[in-house]
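Trainee: The structure that follows is given in the form of structure tokens.
The values are calculated or read from the model by the stated rules, or taken from the named source; none is laboratory data. Not measured: the values here are computed from a predicted model. Note that each Cβ is placed from the backbone with ideal geometry, even for glycine, and that neighbours are counted across all protein chains shown. Areas reflect the complete protein model, heavy atoms only, side chains present, ligands, DNA and RNA absent. Shrake-Rupley method; radii C 1.70, N 1.55, O 1.52, S 1.80 Å.
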Amino acid sequence: MDRGRSLSDVNRVNRTSLLLAGLACLACAGERTVQGESTVTVLLPGDESTIWSDAPQFLLFLPLVARNEKGEVEGRLARSWEHSPDYRSWTIHLRTDVRWHDGVPVTAHDAAFTLELHRRAWLQGARVYSVAVLDDSTYTLTYHRRGPGSPLDEWMVYLPKHLLEGLDPDKYASWEFWKAPVGNGPYRFVRRIPNTAMIFEANPEYYRGRPRIDRVIVKLAPEPSTTELVSGNVDAVAYVNPGSLLQLKADARFHAYSSFARGGVFTAVYWNHRHAAFRDPRVRRALTLAIDRRELHRVGNLPETTPVFDVIFTERQLDRGELPAPLPYDTVEAARLLDEAGWRDTDGDGVRDRAGRQFHFSLLMMTGGWTAGTSRHQAALFIQSQLRRVGIRMEILSMDMLAGRDRWRRGEFDAAIVTSLGGENANPIIFGKKSLLGYANLRVGDLLERTTTSMNPDERDSIYRELWPIFQAEIPMTPLYPAQWTYVVHRRVRGLSSPFRSDPLWYMDELWVEEDGQR
């Protein structure tokens with residue numbers, strides 16, 4: 001889903017009007033909230049596709065597993081599982097007490113159908129894995145090569161074969177099913193107000209017990225807005241830019257919860273090693289030392305627990321806090337290394353030069369996506385100021401997402417501030433043998449090739465640990481912060497915590513409401 005789309009002011013007014021009219025019509029349709037029932041309204045950036053592409057899917061559908069507040073994996077649709085020593089063959093045992101909202105039992109045939117659907121719709125039919133149903137509650141999943149996701153993918157939910165079999169996978173996003181979906185999760189779909197809101201009610205037959213929150217309204221918006229939260233129109237806002245939280249710090253009605261994006265995704269300054277100055281590892285180290293990344297986190301209002309790091313890593317290593325100590329902020333050492341590399345201010349103009357050329361470069365920054373655009377711009381301005389102090393002139397080259405991504409992929413930049421949305425899957429492309437950066441280290445290339453084939457998480461952790469001293473010595477990039485999702489929630493909604501239980505839609509069945517009159 002492209003969360004970077006925006007609407008005109010007229011469309012925004014129309015959407016608000018539709019929401020108010022639609023919510024008023026709930027009473028006309030006999031759906032008036034019963035006194036004493038609890039309702040939670042969540043503002044979610046996006047459109048109606050969020051029902052199958054974002055957190056609302058967890059209201060309706062069950063994943064195989066979920067994480068508890070300690071980050072440990074727990075079964076949901078899956079009752080238990082086992083795998084081969086190389087992690088390529090899995091046997092999944094499903095619960096037998098889960099039903100679709102139309103009363104039909106959920107079986108392994110639904111799981112196999114969904115896995116095949118995803119293989120065709122999202123993997124272009126590639127033979128990444130094969131599925132075999134052993135009985136109504138058991139199936140095997142065999143990987144022929146490593147692909148995106150994992151056998152216990154907590155994001156993937158499972159769909160009803162008896163309602164969807166025979167539909168065209170290529171038209172997945174436009175199925176009529178999504179207008180009134182039938183799930184197996186904690187909430188049932190009630191109705192939608194086109195392009196405005198979706199309403200759900202607690203499922204009394206949910207296998208874990210009827211949720212304590214009776215009704216959930218997902219209010220759609222073009223972008224996150226805390227204004228509706230402050231005015232009391234919603235109880236929670238998803239994907240808030242941390243910088244906008246400063247105005248809420250003194251308001252005791254609200255709490256902010258954050259989680260790291262899964263898969264090792266982070267924002268970094270990537271140095272183009274084809275650039276004459278950036279070929280020298282002393283220069284890349286100096287520039288990293290010259291940026292106070294801890295202060296950058298404070299400027300961006302990121303949580304104090306946000307790590308500083310210089311390496312690539314697996315999701316598990318970040319969760320466990322295993323990353324090695326990073327380079328410190330040290331402008332004295334940065335200046336010494338730049339001097340050593342031959343970059344000195346010989347003419348007293350405040351900018352370092354070498355062989356008659358100033359140390360001047362442009363930083364490519366992509367705009368247009370609300371999820372990270374503002375924080376990237378803020379980070380670029382901060383870095384520009386920091387490098388000026390050590391005699392380096394940096395210009396910010398802003399480009400829209402499409403044009404900027406094209407230049408990034410062609411390697412046509414001096415440096416670029418990028419959020420690598422591919423996470424671990426992007427590492428071989430950025431740092432491998434055909435590096436986008438022109439980074440050439442055969443050992444790194446060989447190790448990253450091994451990560452593309454290994455499915456053993458312990459082996460993958462070990463490979464990344466081998467990469468760490470190389471990255472710490474060569475500094476091919478300067479990481480700024482891991483990608484994070486931030487949710488701002490009214491204090492009446494209880495049960496959330498950071499970092500593993502921060503999304504109210506994902507964990508709505510474990511939340512409850514405590515009214516204290518503070519609205």
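Trainee: For the stretch 473-500, give me the residue count where each residue is in contact with a Leu (Cβ under 9 Å, 6 or more places away or on another chain) and in contact (Cβ under 8 Å) with a residue 40 or more places away in the chain.
Mentor: Residues of the stretch 473-500 in contact with a Leu (Cβ under 9 Å, 6 or more places away or on another chain): 475-478, 480-484, 486-490, 493-496.
Right, trim to in contact (Cβ under 8 Å) with a residue 40 or more places away in the chain and you get 475-478, 480-484, 486-490, 493, 496.
Of the residues in the stretch 473-500, 16 are in contact with a Leu (Cβ under 9 Å, 6 or more places away or on another chain) and in contact (Cβ under 8 Å) with a residue 40 or more places away in the chain.
Trainee: Where residues in the stretch 172-188 are open to solvent by 40 Å² or more (accessible area, probe 1.4 Å) and touching a strand residue (DSSP E or B) at 6+ places or on another chain (Cβ under 8 Å), which of them is farthest from A108 (Cα to Cα)?
Mentor: We begin by selecting, within the stretch 172-188, every residue open to solvent by 40 Å² or more (accessible area, probe 1.4 Å); these are 173-174, 176, 179-180, 188.
So of that shortlist, the ones also touching a strand residue (DSSP E or B) at 6+ places or on another chain (Cβ under 8 Å) come out as 179-180, 188.
Numbers: K179: 25, A180: 23, R188: 22 Å.
The extreme case among them is K179.
Trainee: Oh, and also: Are any of the residues in the stretch 354-372 β-branched (V, I, T) and at pLDDT below 95?
Mentor: Yes: the stretch 354-372 contains one or more residues that are β-branched (V, I, T) and at pLDDT below 95.
Trainee: Now, a different point. Out of the residues in the stretch 479-519 that are in contact with a helix residue (DSSP H, G or I) (Cβ under 9 Å, 6 or more places away or on another chain) and polar (S, T, N, Q), state the one that is most open to solvent (accessible area, probe 1.4 Å).
Mentor: Across the stretch 479-519, the extreme among qualifying residues is Q484.
Trainee: Let me ask another. Might you check whether a residue that is closer than 17 Å to L159 by Cβ, at pLDDT 95 or above, basic (K, R) and under 25 Å from the mean Cα position of the chain (by Cα) occurs anywhere in the stretch 89-101? Reasoning before the result, please.
Mentor: Residues of the stretch 89-101 closer than 17 Å to L159 by Cβ: 92, 94-95, 98-101.
Those still in the list that are at pLDDT 95 or above too: 92, 94-95, 98-101.
The next check asks that each one be basic (K, R); those that pass are 95, 99.
Still in the running and under 25 Å from the mean Cα position of the chain (by Cα): none.
So far as the stretch 89-101 goes, no, none of its residues is closer than 17 Å to L159 by Cβ, at pLDDT 95 or above, basic (K, R) and under 25 Å from the mean Cα position of the chain (by Cα).
Trainee: Give, as residue ranges, the strands (runs of 3 or more DSSP E) completely inside the stretch 172-270 that count at least 1 residues that are under 30 Å from G321 (Cα atoms). So that I can check it myself, show each step before the final result.
Mentor: On the way: elements: 187-193, 197-202, 215-221, 254-260.
Per the criteria, 254-260.
Trainee: At least 3 residues that are in contact (Cβ under 8 Å) with a residue 60 or more places away in the chain and open to solvent by less than 40 Å² (accessible area, probe 1.4 Å) in each: list the strands (runs of 3 or more DSSP E) lying fully within the stretch 53-136 that qualify. Walk me through how you get there before you give the answer.
Mentor: Working: elements: 65-67, 73-75, 78-83, 89-94, 129-135.
Filter on the stretch 53-136 gives 65-67.
Trainee: Out of the stretch 463-478, which residues are open to solvent by 30 Å² or more (accessible area, probe 1.4 Å), out of contact with any Lys or Arg (no Cβ under 9 Å at 6 or more places or on another chain) and farther than 22 Å from A334 by Cβ?
Mentor: R465
Trainee: I want to confirm something. Restricting to the stretch 140-171 and keeping residues that are assigned to a loop (DSSP other than H, G, I, E, B) and more than 26 Å from the chain's Cα centre (by Cα), which single residue is surrounded by the fewest Cβ atoms within 10 Å (Cβ to Cβ)? Before you say what the answer is, go through the steps one by one.
Mentor: Quick first cut of the stretch 140-171, residues assigned to a loop (DSSP other than H, G, I, E, B) only: 144-156, 158-160, 165-168.
From what's left, more than 26 Å from the chain's Cα centre (by Cα): 144, 160, 165-168.
Values: H144: 11, P160: 21, E165: 12, G166: 6, L167: 13, D168: 10.
Among residues in the stretch 140-171 that are assigned to a loop (DSSP other than H, G, I, E, B) and more than 26 Å from the chain's Cα centre (by Cα), the one surrounded by the fewest Cβ atoms within 10 Å (Cβ to Cβ) is G166.
Trainee: Could you tell me which residue of the stretch 262-289 is nearest to E333 (Cα to Cα), considering only residues that are of a type in the set (G, A, S) and buried (at least 18 other Cβ atoms within 10 Å of the Cβ)?
Mentor: Pass one, the stretch 262-289, residues of a type in the set (G, A, S): 263-264, 268, 276-277, 286.
Still in the running and buried (at least 18 other Cβ atoms within 10 Å of the Cβ): 263-264, 268, 277, 286.
On the way: G263: 33, G264: 30, A268: 21, A277: 17, A286: 7 Å.
Going through the qualifying residues, I end up with A286.
Trainee: I want to confirm something. Restricting to the stretch 392-438 and keeping residues that are in contact with a strand residue (DSSP E or B) (Cβ under 8 Å, 6 or more places away or on another chain) and among the small types (G, A, S), which single residue is modelled with the lowest pLDDT?
Mentor: My answer is S420.
Trainee: Okay, next question. Return the residues of the stretch 193-208 that are open to solvent by 30 Å² or more (accessible area, probe 1.4 Å) and either modelled with pLDDT of 95 or more or of a type in the set (A, V, I, L, M) (or both); say none if nothing qualifies. First the steps, then the outcome.
Mentor: Just the residues of the stretch 193-208 that are open to solvent by 30 Å² or more (accessible area, probe 1.4 Å), to begin with: 194-195, 201, 204-205, 207-208.
E201, P204, E205, Y207, R208, listed by residue number.
Trainee: Got at least one residue in the stretch 391-411 being over 24 Å from Y439 (Cα atoms), touching a residue at least 60 places away in the same chain (Cβ under 8 Å) and of a type in the set (A, V, I, L, M)?
Mentor: No, the stretch 391-411 contains no residue that is over 24 Å from Y439 (Cα atoms), touching a residue at least 60 places away in the same chain (Cβ under 8 Å) and of a type in the set (A, V, I, L, M).
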